Amino acid sequence: MPFPDRIVLIGFMGSGKTTVGGILGRRLGRLFIDTDALVVQRAGKSVARIFADDGEAGFRDAEAAALQGLARRGGIVVATGGGAPAEPRNAWFFGEGAATFHLRVSLAAARERTRHDRGRPLLQRPDDQVQLLHERRFSLYERLGAGVDTDGRSPLEVAEEIVRILEGPMPSPRPGGGA
Ligand code: S3P
């Protein structure tokens, strides 16, 4: 069985989607696409700048448009921004034709990995808000993708586990799962 057209990585900020996606792309001989990078490239400004100028709504529109632009692309590995799966209009992207993986990261590990980062506006919010976001998002990601643990593991190990899952029988979606 060939791999699905679209291999998609979802997960909270700091889960390692971009790093793991790059490794996975090279390992599978596929083009790797990071949707945040696409948005930044098209807008000609950083994510933080887009949030500041156009609000989160403006960023979400640009992100949804970037996903739409990939609709007909096959043979790709895609890392989506952490909020992309939370938008109902993006549900199609994680559904048919996609193998979606949730890179699980604890809040503590996500905080540790992003401690010098000032480019993610949502992480600049108060701790309790970030914690709530992490809790809510975690269960959403679990519904949409096969879970792969990342805490205490290298990006290479995570990528290798994804390859093993892809090579085995694909896990069926959870009952009640979206997309
Ligand atoms: C966001 C995650 C970020 C980026 C933006 C919003 C989110 O991407 O899209 O700052 O809502 O979780 P990463 O998950 O790649 O950090």
Legend entry - Whole-Hz couplings from phi, Karplus 6.51/-1.76/1.60, listed for the stretch 108-123; x for Gly and Pro: 4, 5, 4, 4, 4, 5, 10, 5, 9, 7, 10, x, 10, x, 6, 7
Legend entry - Residue-averaged 222 nm ellipticity for the chain, from DSSP H runs of 4+ at -39500 (n - 2.57), nearest 500: -14500 deg cm²/dmol
Inset, instruction - Mind checking the full-extension length gain between Val163 and Ala71? Use 0.36 nm per residue of separation minus the Cα-Cα distance, one decimal, nm. - result: 30.8 nm
Legend entry - Gain on full stretching of the segment that runs from Leu122 to Ser46 - 0.36 nm per residue minus C-alpha separation: 26.0 nm
Legend entry - Accessible area of the stretch 1-147 divided out per residue, in Å², using a probe of 1.4 angstrom: 48
Legend entry - Convex hull projection area averaged over all views, the chain, Cα basis, nm²: 9.8
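If you scale each eigenvalue of the Cα gyration tensor by 5 and take the root, what three semi-axes come out for the stretch 1-100, rounded to whole angstrom and sorted largest first?
Numbers: eigenvalues 104, 41, 28 Å².
In descending order, the three semi-axes are 23, 14, 12 Å.
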Inset, instruction - May I ask you to compute the full-extension gain from Phe3 to Ala108, defined as 0.36 nm times their residue separation minus their alpha-carbon distance, rounded to one decimal in nm? - result: 34.5 nm
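Carbon and sulfur together cover what percent of the accessible area of the stretch 34-154 at a 1.4 Å probe radius? Show your work: numbers first, answer last.
Values: 2930 of 6010 Å².
Taking all protein chains in place, the stretch 34-154 shows 49 percent carbon and sulfur surface.
The values are calculated or read from the model by the stated rules, or taken from the named source; none is laboratory data. Bear in mind the structure is a predicted one, so any value in this text is a computation, not a measurement. The area values use the complete protein model at the heavy-atom level, side chains included, leaving out ligands, DNA and RNA. Shrake-Rupley method; radii C 1.70, N 1.55, O 1.52, S 1.80 Å.
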